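Take a look at this one; I'll ask things after.
The values are calculated or read from the model by the stated rules, or taken from the named source; none is laboratory data. Remember, it's a predicted structure, so these values are computed and weren't measured experimentally. Note that we place each Cβ from the backbone using ideal geometry, even for glycine, and neighbour counts take in every protein chain shown. Each accessible area value is taken on the protein alone, full model and side chains, heavy atoms only, with ligands, DNA and RNA left out. Shrake-Rupley method; radii C 1.70, N 1.55, O 1.52, S 1.80 Å.
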Amino acid sequence: MSNWRSKFENFENPDKPKHKLNIYCLIKINFKLFLEVKIKENISFLTDLKHFNLIKNYTWHSYKHKKDNTYYISTNITNKSTISFHRMIHSEWKMIDHINRNGLDNRECNLRETTKKENNLNCKLYKNNTSDFRITKYRTSVQTKQLAIDFKLKHDKITGNRNDTPNLNSLQKIFFDEKECIKFLIKEKLLKPSEKCQFCNGETYLYLKYNVFRCKKNDCKKMVTVFKNTFFSQHRLKYNDILLIGYFWINKLRIQQIHKMTDISRLSTRIRNFIRDFRRLAINSLTPENEIIGGSKIIVEIDESLFDNFWIVGGIERTKKRKMFFVVVDNRNTEALTRIIKLHVKPGSTIYTDAWCGYQNLESLGMKHIRTNHSKPNPR
Ligand SMILES: [Zn+2]
């Protein structure tokens, strides 16, 4: 990108800006496009596409803030005064917080209005990384749960746990036969079974011809769709197609793969929206993070996964209930792992871990410890 710009920049162009432009490029993060703007060697910052005008009209520099030892971005608006990038895009906010403490990450999703007290707290939490539980507390519950789902999906992939997922053969009726699908949804209580008629309070029955519950009384016979007030009524897609997308999602297919394998939707964004909704539903069904799991003769699998700049340590029972816990930590050393396991796993449990050296001393906590040699996709 820098090459073509330097070639064309030297042409006499009346529109040529009077200042030096920062080099920029597009970068894709979680399926979204952002601008990455280069400041100098090794330093660039992120922002949303909608701020492209600011990149075009100013020259941006970085400066290091003494207080929290992180870089921020600023520009000169007159000879003497400068303004920081986050201040320019949110002049209406009294105080601005970079949620992940990275002043170079100026994406809207990383910025929020804050108070001085909150901001200091956030600084401290990330500066003294001694207690991981304070960080866990600080993260909102929803964020942690979202991470937990990613963790669980990744973990199931590693250990090959697919006991909960029926095979395609037994499910094909549900996916390809609309009537069978409705029967299944009612049986699994995803749709409410027949209720009293809302007009005459009489008995109703399932009338599959029109996908309704219909009043039995001859002088009433009113019908109510089986999808009333459900997840399925909010979407235009056929309910069995929605289930099929969900099935593929559970089995870790990527959105593009689902899109290719089905003719469900012309737009992959619609599939993406469904997966977002499934994720939300799954989040709502998760048990609290502070769960204590395991016990005598119970196998507990414990694993750690690295996310951007922190670890998630999680444990899952090998029982029907599949009880689990998740903790966000800054590192996975012996001290942290021992403390987490002591807090979340009952003594007497059999713990399965990978070969990571941080899992020492588990016997001293009264656990039986078995190391499995599952190969990780990304050994770190
Ligand atoms: Zn009725």
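How large is the accessible surface of Ile39 in square angstrom, using a 1.4 angstrom probe and rounding to the nearest 10?
The value for Ile39 is about 40 Å².
Once amide H atoms are placed 1.01 Å from N in the peptide plane, what residues at a sequence separation of 5 or more from Gly348, or on another chain, have their amide H within under 5 Å of its amide H?
Long-range HN contacts for Gly348: Met367, Lys368.
Moving on to the next point. So what is the accessible area of the stretch 191-243 per residue, in Å², with the probe set to 1.4 Å? Can you show the working numbers first?
Numbers: 3560 Å² over 53 residues.
Using a 1.4 Å probe on heavy atoms only, each residue of the stretch 191-243 averages 67 Å².
Assuming 0.36 nm per residue, please report the length gained on full extension of the stretch Leu206 to Leu237 beyond their Cα-Cα distance.
Numbers: separation 31, 0.36 × 31 = 11.16 nm, distance 2.15 nm.
Extra length available between Leu206 and Leu237 comes to 9.0 nm.
Skipping prolines and chain starts, which residues have an amide H placed within reach, meaning under 5 Å, of the one on Lys222, given they are 5 or more residues away or on another chain?
Under 5 Å from the amide H of Lys222 lie the amide H atoms of Cys215, each far enough along the sequence or on another chain.
Grab the beta carbon distance between Lys66 and Cys109, set R0 = 35 Å, and tell me the FRET efficiency rounded to 0.05. Walk me through the intermediate numbers first.
On the way: r = 27 Å, r/R0 = 0.77.
After rounding, the FRET efficiency stands at 0.85.
Compute the accessible area per residue over the stretch 19-128, keeping the other protein chains in place, probe 1.4 Å, unit Å². It would help to have the intermediate numbers written out before the result.
On the way: 6800 Å² over 110 residues.
On a per-residue basis, the stretch 19-128 sits at 62 Å².
Measuring with a 1.4 Å probe in the full set of protein chains, what accessible area per residue, in whole Å², belongs to the stretch 331-373? Don't skip to the end; give the middle numbers.
Values: 2150 Å² over 43 residues.
In whole numbers, the stretch 331-373 has 50 Å² accessible per residue.
Related question: Tell me, what % of the accessible area of the stretch 168-285 is carbon and sulfur with a 1.4 angstrom probe? If you can, show how the numbers build up before the last one.
Details: 3810 of 7750 Å².
With neighbouring chains kept in place, the figure for the stretch 168-285 is 49 percent.
Using a probe of 1.4 angstrom, how much of the accessible area of the stretch 304-344 is carbon and sulfur, in percent?
Details: 910 of 1780 Å².
That share works out to 51 percent.
Next up: Quickly work out the Cys25-to-Lys368 label distance, labels modelled 7 Å from Cα along the C-beta direction, and quote it in nm with one decimal.
With each label point 7 Å from Cα toward Cβ, the separation is 5.3 nm.
Which cross-chain or sequence-distant (5 or more) residues have an amide H under 5 Å from the amide H of Leu111, H modelled 1.01 Å from N in plane?
The list, which skips near neighbours in sequence, is Ile99.
Tally up the carbon and sulfur contribution to the accessible surface of the stretch 19-128 as a whole percent, 1.4 Å probe, everything protein left in place. Don't skip to the end; give the middle numbers.
On the way: 3520 of 6800 Å².
Answer for the stretch 19-128 is 52 percent, counting heavy atoms of protein chains only.
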